[in-house]
1. Counting only other residues whose beta carbon sits under 9 Å from that of SER185, what net charge do I get with K and R as +1, D and E as -1?
2. Subtract the Cα-Cα distance of GLU108 and LYS498 from 0.36 nm times their separation in residues, and report this length gain in nm to one decimal.
3. Give me the distance in nm between label points sitting 7 Å out from Cα along the Cα-to-Cβ direction at ARG398 and ALA582, one decimal.
4. In debye to the nearest 20, how big a dipole does the stretch 100-224 give about its Cα centre with +1 on each Lys and Arg Cβ and -1 on each Asp and Glu Cβ?
5. Counting only residues 5 or more places away or on other chains, whose amide H sits under 5 Å from the amide H of THR260 once H atoms are built in the peptide plane?
6. Which ³J(HN,Hα) values, rounded to whole Hz and listed in residue order, are derived for the stretch 204-212 from phi using the Karplus coefficients 6.51, -1.76 and 1.60 in 6.51 cos²θ - 1.76 cosθ + 1.60 with θ = phi - 60°, glycine and proline given as x?
7. If you put +1 on each Lys and Arg Cβ and -1 on each Asp and Glu Cβ, how big is the dipole of the stretch 384-511 around its Cα centre, in Debye rounded to 20?
8. Return the sequence-ordered ³J(HN,Hα) values of the stretch 570-577 in whole Hz as given by the Karplus equation 6.51 cos²θ - 1.76 cosθ + 1.60 applied to θ = phi - 60°, using x for Gly and Pro.
Amino acid sequence: MKILRTRAASVSRQGLCTALLVASLTTAAVGASPASGAFGGDPSPGPDNPQRKPHGVPNLTLPDLVPRPGASGKPGSPAGRGDTPDGSTGIPVTALAAYKNAEKLAAERYPGCHIPWQLVAGIGKVESEHAASYGLRSDGTTERQILGPRLTGGQFAEIKDTDGGRWDGDAQYDRAVGPTQFIPSTWESYGVDGNGDGKADPNNIFDAAAGTARYLCAGNKDLRDPADLDRAILSYNNSREYVNAVLAWMRTYQSGQVGTTPDTGTGTGTSTGPTPPWSGPKPTPVPPVNGGGSGTGTTKPGTPSKPSKPSTPDKPTPDKPKPDNPSKPDKPGGGGDKPTPDKPKPPAVSRLDRVGDEQLTATAGETFAEQPAVRALTADGKAAPAGTRVTFEVVGLRTGARFEGDNRTATVTVDKDGKAVAPKLTAGDVPGDFTVRATVDGKGGAKITTDFAGTVKAVPAPRATSLERDGKGDLTAAPKSSFKEQIKLKALDKDKGKAAAGAMVTVTVLERDGKTPATTGPYFLDGGDTPQRRVTLVKTDENGYVTLPKLFTDEHAGTYILHLTTTDGAILDLELTVAAPATQSPAPATPSATPTKK
């Protein structure tokens, strides 16, 4: 007990020191600039960003589940390979301080992101077990550097050296570095000085956590939006299993099931402190039996057993234990003190496969032709048991897509083949992307998910394939005047046989040859006194009509061509005449007396 109290006091002092250190570091970091600009305005990581490519072996075991093979917890195991027992929700005090510091910095520099520290902690858990087995110190450094495998291709991505070996010590190929396993080139773009010491170091957990928050927030994401949250984690590691693991740990930490553990400070990979505190309910202690250990039995000691009846010598009979329930004797071979075995539970779902195309596409206002469908399977590849329920959810704040009945979610029971088909999906009126997520409960209540990418296309703009003049008035005017009639046009979509609303029409005054742009003659006045001989009109109205501005003439007479076009290829040419008014004809001459010779 004395040793435990000493260790507990050490942990308390360590936590206090770390808290005081973080308070000073946060104040310093707020005034300091990050490695390359502030959080706001960072470009979103593109699909070719090396960070999203396979760069290591993260620990994808979910909370409170049986450890996967290889998660031995032995000293010296690689980063992300189960360095602490799976299901452990303890976070080293310095790592926890770094995650909360990252949340605070992000809230100040990029308030629209709303990133919770628990998400950064989920990344840290999956990538390096919070650096717990690498000798994490209270200043955020580690006794041993955390390096992923050389990225030479094959099982992992091939990423040639980008930092000259500065961070990973390798001048030929890159390696992921630090507690959150940054690719060096990604760190160059998104690294942050999280502790205010004047440098951004991916090997320091304060800097690494702040850089992780910056990277996840890039592209003006709002991580309250499930679609943005999903895209952010996929940009860190483009794997659905990775997303599931990070989200599972994030939600576990958000539920309050998190305690602090001491920083190891030894680099041995072995915890040196007491069991981390647990915020949930404590188990009820069971009194010891006969003053012994902490057994679970409740039988009162001291009651002598009833002596057995002696058997007949010439017919030996083996002792038969008395069954607990005389009306239901035990089956042969079973002792009366053995409990009746429970009915075996049906096998748990371990996989959720998409059926059909993962891409769903429809035009705004229409119904999707494809219905999202999945097949739930157990570990041996068999169909999920009858009664298994799959929930489909439309994910994304900026979408009007809905299932039948204007619902965002729909729960479906699988058929005999383990298949579940979502109800029909309507596109809504808002163009854009969204996600349909299918979820089923797996072993231990773990959520197993798979996603469909949905796209709502905008309603196609009308195709103005034909132009007509509305009216047949004379298109003649005198010099230095104007045409009496304003020309009215109608745009038609000949393919659909109806008016083309919203079409753009361009008007150009040409010389008589119909090719050369005119520099004199008819013109428009477009908001000033400068003649304009080429204008783009406002869009046609809902009935396909548009009226040209008033058309003026200068002092030059002649014939001109008004050339009208649409972006869809419609062409209409109208002839314009500029001529002086006709004068009175002279009187005919007196005939000559001498006949004209023919």
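The values are calculated or read from the model by the stated rules, or taken from the named source; none is laboratory data. None of these values were measured; they are calculated from a predicted model. Cβ placement follows ideal geometry from the backbone for every residue including glycine, while neighbour counts extend to all protein chains displayed. Note: accessible area is taken over every heavy atom of the protein model, side chains too, but ligands, DNA and RNA are not part of it. Shrake-Rupley method; radii C 1.70, N 1.55, O 1.52, S 1.80 Å.
1. Here the count lands on -3.
2. 134.9 nm
3. Roughly 6.5 nm, to one decimal.
4. 320
5. Correct list: ILE91.
6. 9, 5, 5, 5, 4, 5, 5, x, 4
7. My answer is approximately 60 debye.
8. 6, 9, 9, 10, 10, 8, 10, 10
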